[in-house]
Amino acid sequence: MIEGFTGAVGEQLKQNLGDTLEAMAGGQVDWAELAVYVFSQVLVSAIYLGLFIGGYLLIIGTLRIVVGKRRSQSALFSQVRTGLKYLFALGALLVILAQFGAGPGFLKAMARAGFMALGFFVGWLVLARLMKEAIGRYGMDPSIRQLIENLFAVLMVTFAVVAILAQFGFDVLSIVAGLGIVGIAVGFAAQSTLSNFIAGITLLIERPFRIGDWVSINGQDGKVVKIALRTTWLRTRDNIFTMIPNDSVASSDIVNYSAEGATRLNIPVGIAYKESARAAREVIMPVLLSHPEVLKGGAMEPRVVMKSLGDSSVDLEVKIWITPDNLDVQPRIMADVLEQIKEALDAAGIEIPFPHLQLFIDDAKGLKPLVEPLYPKLVEK
């Protein structure tokens, strides 16, 4: 039963394929003649392909011997090898298409399109190298360099596709107009994405921050790890990644802690009113000067200043400077310095007060029944 079903399916497929070929050929199809023709064409195409591959290997081997082993491993030789490989592949494709009956007009268009694509590729390599040297000479930011390279690649690919399609008789103006209409429709449908894209380009040009800077954006502190065309990536000290849309970044207040080098930290310290601020300063300064991560010298010398007279303490402020590299561990440095200050004040006998409140009650007769049993002497006074 299964053999009968398989035979019926095979016979049906053969009949359908025969009917299709007869319709395309306009008459009866000789299966034996068709098989011989296809086999001969495939065999001749394989011979041509082998000849092209052999010629390519021969030329590459000769070039390796001429230029030497060291130069044959350079980027330039690799690009030359890629170009030769492309030319031989294009030649083999044209020969095989001609073998299967492709017309002269189509072969000419194919050849022109192939050489034009190769020309765009070579132009891209040359211009990319010149652009890379110019960017390196002017010291541009890596993010801007990546943006320029991406935009240039998109433009080159677009022009190459349009030029290649023109070789096959396509109406380039109609294609460009159609792309323009599609672009307008996409623009209306993706206004948010385009807004983020434009904002990303603005950020890369104005450079309010760079990769590696510690910033505060919309109240979110973090280290800039990536500036993409749509979002900006921050990494917090808790190793949490935050992606903020670029249009939100461009329209918000940005605080850059790394832009000007060293950063100053202000640490509040309170002492009792009975203590001397001068004595507290003399105790605290050795702690700051001995800390390995606190900068010393010049305008970045650590200081202890009186900030205000609080409700229950004399408020001092410790001002220290740290390098941009230590912004990653800023909370740890502040906690370490504060702990050492506390230990030094305790060792010197300088009191660090806690908030307390004195309550004076005058003529509060309504409280007398409650207070008199507990504090009779206080009530008598």
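For a quick check of understanding: with a 1.4 angstrom probe and all protein chains in place, what accessible area in square angstrom does R64 have, to the nearest ten?
Approximately 100 Å² of R64 is accessible to the 1.4 Å probe.
Near the amide H of L265, under 5 Å away, which other amide H atoms are found, from residues 5 or more places off or on another chain, if H is placed in the peptide plane?
Under 5 Å from the amide H of L265: I320, W321, I322.
Short version: ³J(HN,Hα) in whole Hz for each residue of the stretch 264-270, in order, from phi by Karplus 6.51 cos²θ - 1.76 cosθ + 1.60 (θ = phi - 60°), x for Gly and Pro, what are they?
Per-residue couplings from phi come out as 9, 10, 10, 10, x, 9, x Hz.
With every protein chain left in place, what is the accessible area of F100 in Å² (1.4 Å probe, nearest 10)?
100 Å²
Could you compute the FRET efficiency for L289 and R235, with r as their C-beta to C-beta distance and R0 at 30 Å, rounded to 0.05?
0.40
Got a number for the accessible area of W124? Probe 1.4 Å, square angstrom, nearest 10.
We get 70 Å² for W124.
Apply 1/(1 + (r/R0)^6) to the Cβ-Cβ distance of R70 and R264, taking R0 = 51 Å, and write down the FRET efficiency to the nearest 0.05.
Step by step, r from the Cβ atoms, then E = 0.40.
State the extension gain, in nm to one decimal, for the chain segment bounded by F106 and F354, taking 0.36 nm per residue of separation less the distance between their alpha-carbons.
This chain segment gains 80.1 nm when fully extended.
What residues qualify as long-range amide H neighbours of E351, i.e. H under 5 Å apart, gap of 5 or more or another chain, H built at 1.01 Å from N?
A272
If each of Y273 and R303 carries a label point 7 Å out from its Cα toward its Cβ, how far apart are those two points in nm?
Taking the two extended label points, one gets 2.7 nm.
Could you calculate the contour length gain from A163 to I254, that is, 0.36 nm times the residue separation minus the distance between their Cα atoms, to one decimal place in nm?
Length difference between fully extended and current span is 28.3 nm.
For L316, list long-range residues whose amide hydrogen, built 1.01 Å from N in the peptide plane, is under 5 Å from its own amide hydrogen.
So L316 has HN proximity to V269, G270, I271, K307.
What FRET efficiency comes out for L49 versus M131 if R0 is 51 angstrom and r is the Cβ-Cβ distance? Round to the nearest 0.05.
0.85
Subtracting the Cα-Cα distance from 0.36 nm times the residue separation, let me have the gained length for K319 to L63 in nm, one decimal.
Value of the extension gain: 85.4 nm.
The values are calculated or read from the model by the stated rules, or taken from the named source; none is laboratory data. The structure presented is a predicted model; accordingly, all values stated were derived computationally and were not measured. Note: ideal-geometry Cβ built from the backbone for every residue, glycine included; neighbour counts use all protein chains shown. Each accessible area value is taken on the protein alone, full model and side chains, heavy atoms only, with ligands, DNA and RNA left out. Shrake-Rupley method; radii C 1.70, N 1.55, O 1.52, S 1.80 Å.
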